[in-house]
Amino acid sequence: MTHRTVKSLADAAKPEDLFRGQWQYNRTSVLDEYKPYLDKRWDEGCTNAWKPWEEIVPLGYRGSYGRVSASLRAKRTSPRPVTAQPPAPRVVTRWILSRPETLTEIEQLQLKTILANCPELDALTGHVRSFAQMLTERQGERLSQWLDAVRQDGASP
């Protein structure tokens with residue numbers, strides 16, 4: 001090491017004093033004004049840097065692709081909060097098409113949560129279950145009444 005390096009290391013009161021130039025935390029970047037957009041795209045599931053870079057260039061970004069890539073790489077390697085994965089559409093479909101009494105308690109709770117957040121799916125579930133009841137109890141005379149109810153809700157039978 002040179003004598004200047006040794007002197008700077010010896011004079012530093014804390015590790016942060018050693019950061020200079022590009023490693024300074026408070027240094028502004030040409031990417032700073034586009035970081036909220038990059039964060040939004042990241043939250044939407046866009047983890048490849050090329051697409052967001054192509055999207056911010058027309059917005060006025062003049063920096064390099066490498067900066068965008070480095071910013072997203074840092075997000076990729078940082079620890080993420082563990083969140084529950086939503087159930088797959090196929091699983092939700094199975095829950096809707098199953099008899100409610102055959103679902104486990106957890107499945108019933110998850111379906112109830114999903115239906116509470118989506119009124120259209122809740123209405124569809126009601127129609128599917130009433131149709132299933134009509135079939136199992138052989139009540140074909142209710143078909144026109146069921147079709148009218150479906151049409152009133154805006155769903156197509």
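The values are calculated or read from the model by the stated rules, or taken from the named source; none is laboratory data. Worth saying up front: this structure is predicted, and the values here are computed from it rather than measured. Virtual Cβ from ideal backbone geometry, glycine too; neighbours counted across all protein chains shown. To get the accessible areas, we keep the full protein, side chains included, count just its heavy atoms, and leave off ligands, DNA and RNA. Shrake-Rupley method; radii C 1.70, N 1.55, O 1.52, S 1.80 Å.
Search segment 40-52 for residues being outside any helix (DSSP H, G or I) and not acidic (Asp, Glu), and hand back the single one that is most open to solvent (accessible area, probe 1.4 Å). Can you show your working first?
Pass one, segment 40-52, residues outside any helix (DSSP H, G or I): 44-49.
Now restrict to residues that are not acidic (Asp, Glu): 45-49.
Details: Gly45: 52, Cys46: 21, Thr47: 61, Asn48: 95, Ala49: 6 Å².
By that ranking, first place goes to Asn48.
For segment 66-81, give me each residue that is of a type in the set (Gly, Ala, Ser) and surrounded by 10 or more Cβ atoms within 10 Å (Cβ to Cβ). Quick ask: steps written out before the conclusion?
To start, the set of residues in segment 66-81 that are of a type in the set (Gly, Ala, Ser) comprises 66, 69-71, 74, 78.
Selection gives Gly66, Ser69, Ala70, Ser71.
Keeping to segment 129-145, report how many residues are within 20 Å of Thr93 (Cβ to Cβ) and either at pLDDT below 85 or among the hydrophobic types (A, V, I, L, M, F, W, C) (or both).
The qualifying residues number 4.
Identify all residues within segment 62-83 that are modelled with pLDDT under 90, among the polar types (S, T, N, Q) and assigned to a helix (DSSP H, G or I); write none if there are none.
Ser71, Thr77
Go through segment 53-65 residue by residue and tally those that are exposed (fewer than 11 other Cβ atoms within 10 Å of the Cβ) and under 20 Å from Asp43 (Cα atoms). Spell out how you get there, then give the answer.
Taking segment 53-65 as the starting set, the residues that turn out to be exposed (fewer than 11 other Cβ atoms within 10 Å of the Cβ) are 58-60, 62.
So of that shortlist, the ones also under 20 Å from Asp43 (Cα atoms) come out as 59.
The number of residues fulfilling the criteria is 1.
Any idea which residue in segment 15-29 is modelled with the highest pLDDT, counting only those that are open to solvent by less than 80 Å² (accessible area, probe 1.4 Å) and either touching a Lys or Arg at 6+ places or on another chain (Cβ under 6 Å) or under 21 Å from Ser71 (Cβ atoms) (or both)? Steps first, answer last, please.
Applying the first criterion (open to solvent by less than 80 Å² (accessible area, probe 1.4 Å)) to segment 15-29 yields 17-18, 21, 29.
Narrowing the set further to residues that are either touching a Lys or Arg at 6+ places or on another chain (Cβ under 6 Å) or under 21 Å from Ser71 (Cβ atoms) (or both) leaves 21, 29.
On the way: Gly21: 56, Ser29: 78.
This residue is Ser29.
Which of (1) open to solvent by 60 Å² or more (accessible area, probe 1.4 Å); (2) of a type outside the set (S, T, N, Q); (3) modelled with pLDDT under 85 does Ala12 not meet, given it meets every other one?
Against the list (1) open to solvent by 60 Å² or more (accessible area, probe 1.4 Å); (2) of a type outside the set (S, T, N, Q); (3) modelled with pLDDT under 85, Ala12 comes up short only on (1).
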